[in-house]
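S.K.: Here's a structure for you.
All of the numbers you see were taken from the coordinates with simple rules; none came from a lab. Please read these numbers as outputs of a predicted model, since none were measured by experiment. All Cβ positions, even for glycine, are placed from backbone atoms using ideal geometry, and neighbour counts span all protein chains on display.
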Amino acid sequence: FFLLIISGFASGLGLVEGVVSALGEVLELGRDTTLALVLWAVLLLSLPTLLSYGEHAPWAGIRLWGRSIFVFIEYMVTALILAVGALLTSLFVARRFGFAAFAAEANKGAGRLRVTRHWQFFVVIVAPGA
C-alpha cells in the first residue's frame, strides 16, 4: 500500500509540473509562488469531490444530473476529457507534429521495439479516426 501512495504522489508531481512551468511563464512569477498558487488551486478544486465521496459525506446529497459530485466528475473525466485528450493528441501528432518527428522522439532511448515507417498508417490514419 505504501508503494501505491508513492506512485500516486509521483504521478501527481508529473502532472503538476507542466502546469507550474506554463503558469509561471505566463504570469511571470517565481517558481515558489507559482507552485503555491497551483497547490492551493488543486486543494480548493478537489474539495467538492472529497466532500461528496461516500454515503455519509457532508455533500453526498448534492446532485448534478442525478449523480453525486464525485461520480459526476469521475464520469466527466473518464468518459469525456480522456477521450477528447486522446483525440487531440493523435490529431496533433498526425497533422502538426508529423510522423517523422514523432518517430524520432519515440525512438529516443528505445531498445528493440522501435517506431518504424510501418507504423505510419496507424499513427496518421487509424488513431485519429478511432
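S.K.: Looking at the range 94-106 only, could you name the residues that are assigned to a helix (DSSP H, G or I) and surrounded by 10 or more Cβ atoms within 10 Å (Cβ to Cβ)?
M.R.: Within the range 94-106, ALA94, ARG95, PHE97, PHE99, ALA100, ALA101, PHE102, ALA103, ALA104, GLU105, ALA106 qualify.
S.K.: A further question follows. Go through the range 67-78 and give me each residue that's touching a helix residue (DSSP H, G or I) at 6+ places or on another chain (Cβ under 9 Å) and surrounded by fewer than 16 Cβ atoms within 10 Å (Cβ to Cβ).
M.R.: Those that are touching a helix residue (DSSP H, G or I) at 6+ places or on another chain (Cβ under 9 Å) and surrounded by fewer than 16 Cβ atoms within 10 Å (Cβ to Cβ): ARG67, GLU74.
Conditions tested, residue by residue: (1) in a helix (DSSP H, G or I); (2) over 25 Å from PHE9 (Cβ atoms).
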| position | (1), (2) |
| --- | --- |
| THR49 | yes, no |
| GLY61 | no, yes |
| ILE73 | yes, no |
| PHE92 | yes, yes |
| LYS108 | no, yes |
| GLN120 | yes, yes |
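S.K.: Something else now. Looking at ALA41, ALA22, ALA36, ALA57, which is the one that is surrounded by 10 or more Cβ atoms within 10 Å (Cβ to Cβ) and in a loop (DSSP other than H, G, I, E, B)?
M.R.: ALA57
S.K.: Starting from the range 93-113, take each residue that is free of Cβ contacts under 8 Å to residues at least 60 places away in the same chain and small (Gly, Ala, Ser) and list its partners that are in a loop (DSSP other than H, G, I, E, B) and surrounded by 10 or more Cβ atoms within 10 Å (Cβ to Cβ), counting only C-beta distances under 7 angstrom and pairs at least six apart or across chains.
M.R.: Within 7 Å, the pairs are ALA103/VAL115; ALA106/VAL115.
S.K.: Between a first residue in the range 116-130 that is within 23 Å of VAL84 (Cβ to Cβ) and a second residue that is part of a helix (DSSP H, G or I), which pairs have beta carbons less than 6 Å apart while being 6 or more apart in sequence or on different chains?
M.R.: VAL123/PHE99; VAL124/ALA94; VAL124/PHE99; ALA127/SER90; PRO128/SER90; PRO128/LEU91; PRO128/ALA94
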